[in-house]
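K.L.:
Structure provided below as structure tokens; questions to follow.
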Amino acid sequence: TNKKLETNVKNIWALGDCKGGPAFTHVSYDDYVIIYKNLLEGGNLTVNDRVLVYAIFTDPSLGRVGLTEKEAREKGFAVALAEYPIEWVARGIELGEKQGKMKMVVNKKTEKILGAAILSYEGAELIHILAAYMNSGVSYKVVQKAIATHPTLAEGVQSLALAVK
């Protein structure tokens with residue numbers, strides 16, 4: 001398929017597992033949205049700029065979005081990193097959930113978030129916070145300025161942004 005999910009056969013599109021790429025239900029649904037908007041609403045959506053979120057439902061769960069540190073470096077980005085242990089997040093301590101950590105990869109030049117991973121209790125849920133910031137294209141400094149309610153696991157995301165070096 002091409003970036004609009006068109007095949008080499010006129011009027012045939014492919015989505016989901018048969019087109020290749022990440023085999024997740026949520027990716028297939030986004031494929032559907034691209035095809036629907038383009039065909040029925042005259043859109044011009046592509047797969048190029050979407051921010052993919054991954055989850056592994058282990059205990060603790062792993063949520064990941066965007067590029068890993070290794071991928072970012074291989075693509076030639078100058079990166080800034082942040083890591084933050086879950087044992088420092090107040091709500092995690094209250095819940096007795098101290099295993100895991102969060103990591104963020106930032107483009108030093110643009111200050112945009114290139115990727116992140118959260119291995120923790122509710123990590124697969126928390127990663128959506130960073131995916132939303134990535135989709136909006138803002139600097140990681142916007143995350144630093146956000147006011148997170150206390151005590152929540154989500155405030156750990158702000159702490160992670162504050163740890164960017």
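The values are calculated or read from the model by the stated rules, or taken from the named source; none is laboratory data. Note that this is a predicted model, so its numbers are computed, not measured. Here Cβ is always computed from backbone atoms with ideal geometry, including for glycine, and neighbour counts include all displayed protein chains. When the accessible area is computed, the model is the full protein with side chains, heavy atoms only, and any ligands, DNA or RNA have been set aside. Shrake-Rupley method; radii C 1.70, N 1.55, O 1.52, S 1.80 Å.
K.L.:
Ignoring any ligand, DNA or RNA, what whole percent of the accessible area of region 1-136 comes from carbon and sulfur when the probe is 1.4 angstrom?
P.N.:
Carbon-and-sulfur percentage of accessible area, whole number: 52.
K.L.:
Need the full-extension length gain, A23 to V142, defined as separation in residues times 0.36 nm minus the C-alpha distance. One decimal, nm.
P.N.:
Full extension of this stretch gives 39.7 nm more.
K.L.:
Additional query: Which stretch or stretches of region 42-62 have amide N atoms under 15 Å from the point lying 7 Å from T110's Cα along the Cα→Cβ direction?
P.N.:
Only 48-52 pass the distance filter.
K.L.:
Tell me the mean residue ellipticity at 222 nm calculated for the chain from its helices only (DSSP H runs of n ≥ 4, each -39500 (n - 2.57), averaged over every residue, nearest 500).
P.N.:
-10000 deg cm²/dmol
K.L.:
Also, quick follow-up: For the chain, what is the accessible area per residue in Å², given a 1.4 Å probe and the full set of protein chains?
P.N.:
59 Å²
K.L.:
Taking K165 as the anchor, which aspartates and glutamates have their alpha carbon closer than 12 Å to its alpha carbon, excluding any fewer than eight residues away along the same chain?
P.N.:
Here the aspartates and glutamates satisfying the reach criterion relative to K165 are E83, E111.
K.L.:
Say R0 is 45 Å: what FRET efficiency, to the nearest 0.05, do A90 and A14 get from their beta-carbon distance?
P.N.:
So, using R0 = 45 Å, E works out to roughly 0.45.
K.L.:
In a shell of Cβ-Cβ distance under 10 Å around P151, excluding P151 itself, what net charge do Lys and Arg (+1) and Asp and Glu (-1) give?
P.N.:
In short, -1.
K.L.:
Among residues other than Y84 whose Cβ falls under 11 Å from its Cβ, what is the net charge (Lys/Arg +1, Asp/Glu -1)?
P.N.:
-1
K.L.:
Here's something else I'd like to know. With charges only on Cβ, +1 for K and R and -1 for D and E, what is the dipole size of region 20-138 about its Cα centre, in debye, rounded to 20?
P.N.:
My answer is approximately 440 debye.
K.L.:
To the nearest Å, what is the center-to-center distance of region 87-165 and region 15-79, using C-alpha atoms only?
P.N.:
Here the answer is 19 Å between Cα centres.
K.L.:
Based on the Cβ-Cβ distance from E74 to K3, what FRET efficiency comes out when R0 is 25 Å, to the nearest 0.05?
P.N.:
After rounding to 0.05, the efficiency reads 0.70.
K.L.:
Could you tell me which residue out of A146, W88, L119 lies farthest along the dipole of the chain toward its positive end? Charges go on the beta carbon: Lys and Arg +1, Asp and Glu -1, centred on the Cα centre.
P.N.:
A146
K.L.:
Mind checking the log10 I(q)/I(0) for region 12-54 at q = 0.13, 0.30, 0.34 Å⁻¹? Debye, one equal scatterer per Cα, no solvent, two decimals.
P.N.:
So the normalised log intensities work out to -0.25, -1.18, -1.32.
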